[in-house]
Every structure is written in C-alpha cells, then in structure tokens.
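In what follows, a structure is listed as structure tokens, so that the remarks can point back to it.
The values are calculated or read from the model by the stated rules, or taken from the named source; none is laboratory data. Fair warning: this is a prediction, and the values are worked out from it, not measured in the lab. In this analysis, Cβ positions are derived from the backbone assuming ideal geometry, glycine residues included, and neighbour counts consider all displayed protein chains. These area figures cover heavy atoms from the full protein model, side chains too; ligands, DNA and RNA do not enter into them. Shrake-Rupley method; radii C 1.70, N 1.55, O 1.52, S 1.80 Å.
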Amino acid sequence: MTPAVVGLDLSLTSTGFAVVTGIGRHAETIRRPQYKGTERLRSIRDAISERVRGISPSLVVVEGYSFGSRASQSHSLGELGGVVRVELDAIGARWVALPPSTLKKYATGKGNANKELMLTEAVRRLGYAGSSNDEADALWLACAGHHLLGAPVVDVPKVNAGALDGITLEAVAV
C-alpha cells in the first residue's frame, strides 16, 4: 500500500496543502488573510493540524526557508514555519523540510526555476488541473516525500530525482 504524504507550501495568506497517495492527489489552499499577528499564526497552524490529524500521513514535507529571499515578510514567515514545525512535533507527525532550490530541481531540473515553470511542470507531470502556484508547490513537495520514502509516484528524470540525494529521514521527528 502506498503511503499518504502531505506537502506544505507555507504562506501567511495562501498556504498550499496537498496530500498524495498511490491512488490520488488532492491540493487546496488554506487562506487566512483576515487575521494578523499571532491570531493568524494560530489560525493557519490549527487548519494544518486538523488536516494532518485527519490524514495521519507517513510523512509531511514542508518547504524550507528561503534564506536568500529579501521579502519584507521573511520574519513573519519564519514565525509561521516555527509554529507549524512545533505543531507537527506535538501531534506526532513525521516531517522533513526541503530547501526551495532542492524542490525546484526535483520538479523542473533547475534549482532556480520560477513559479510559472513549477506550475507548468505540475500540470504536465502531475496532471494538476488548477492554477495556484502554492498548490503546485505543495503537490511537488508531497511527491518528493514519496521519493524520499522509496515509493515514488511520479517519473522524473534522474537529474531531478538526484536533487533529493542529500536529504535524509533519519533525523526527522517522529
């Protein structure tokens, strides 16, 4: 039986959430723009926690921090990332963070791919029928998780799959 893997593309306004199993793929956007500060963090955390608890996935793959980013919201995104990681630990979910360049190379073969190419490849390779960059990234994160578990659900070129070679699950929280 193919495990369920969740992908999380964290955002303060539109978090991409995806679950991929051997028989299906589901992607959605968790929107919480009406809140600010800790209320927004709590709201997003709770929405993710509720979904992850309902699925009990074998692995949750969170997009890692973009250290080269100059976004004005980088500190707030860091807070969200920390809050979500603590919650995943609290509910006993096994998780791993995947650096953005690793995700991009896995999905497109290019570690510096733009959002449009990530979406295009999700449509082409994953059969994604939507138009959300956040959801497309979350789907790719979940698919990468399957590769990390040794149960790939999508064929990607060897160079793409090689992007995951340095990622280990030994240190992942259980």
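Go through the stretch 1-44 and count every residue that is hydroxyl-bearing (Ser, Thr, Tyr) and in a loop (DSSP other than H, G, I, E, B).
The qualifying residues number 5.
Select from the stretch 27-42 the residues that are surrounded by fewer than 16 Cβ atoms within 10 Å (Cβ to Cβ) and of a type outside the set (D, E, K, R) and write down the one among them that is farthest from Leu88 (Cα to Cα). Looking at residues that are surrounded by fewer than 16 Cβ atoms within 10 Å (Cβ to Cβ) and of a type outside the set (D, E, K, R), I get Gln34. For the stretch 86-117, a tally of residues being in a helix (DSSP H, G or I) and closer than 11 Å to Glu63 by Cβ returns 5.
Is it the case, given these coordinates, that Leu141 is in contact with a Gly (Cβ under 9 Å, 6 or more places away or on another chain) and not basic (Lys, Arg)? Judged against the criteria, Leu141 is a match.
Of all the numbered requirements in (1) out of contact with any Asp or Glu (no Cβ under 6 Å at 6 or more places or on another chain); (2) modelled with pLDDT of 95 or more, Ala71 misses one, and that requirement is (2).
Against the definition (in a loop (DSSP other than H, G, I, E, B), at negative phi and under 15 Å from the mean Cα position of the chain (by Cα)), how does Tyr65 come out, yes or no? Yes; evaluated as a whole, the condition is true for this residue.
Test Gly150 against the stated conditions and say whether it is surrounded by fewer than 19 Cβ atoms within 10 Å (Cβ to Cβ), modelled with pLDDT under 95 and out of contact with any helix residue (DSSP H, G or I) (no Cβ under 9 Å at 6 or more places or on another chain). It is true that Gly150 is surrounded by fewer than 19 Cβ atoms within 10 Å (Cβ to Cβ), modelled with pLDDT under 95 and out of contact with any helix residue (DSSP H, G or I) (no Cβ under 9 Å at 6 or more places or on another chain).
The rows are residues; the columns are (1) touching a helix residue (DSSP H, G or I) at 6+ places or on another chain (Cβ under 6 Å); (2) small (Gly, Ala, Ser); (3) crowded, with 19+ Cβ neighbours inside 10 Å; (4) farther than 15 Å from Val20 by Cβ.
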position	(1), (2), (3), (4)
Gly78	no, yes, no, yes
Ala93	yes, yes, yes, yes
Thr102	yes, no, yes, yes
Arg125	no, no, no, no
Gly145	no, yes, yes, no
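Contact annotation: residue pairs with Cβ atoms under 8 Å, 6 or more positions apart or on different chains, pairing a residue in the stretch 113-125 that is farther than 15 Å from Leu103 by Cβ and modelled with pLDDT of 95 or more with a partner that is outside any loop (DSSP other than H, G, I, E, B) and open to solvent by less than 40 Å² (accessible area, probe 1.4 Å), are Val123/Ala136.
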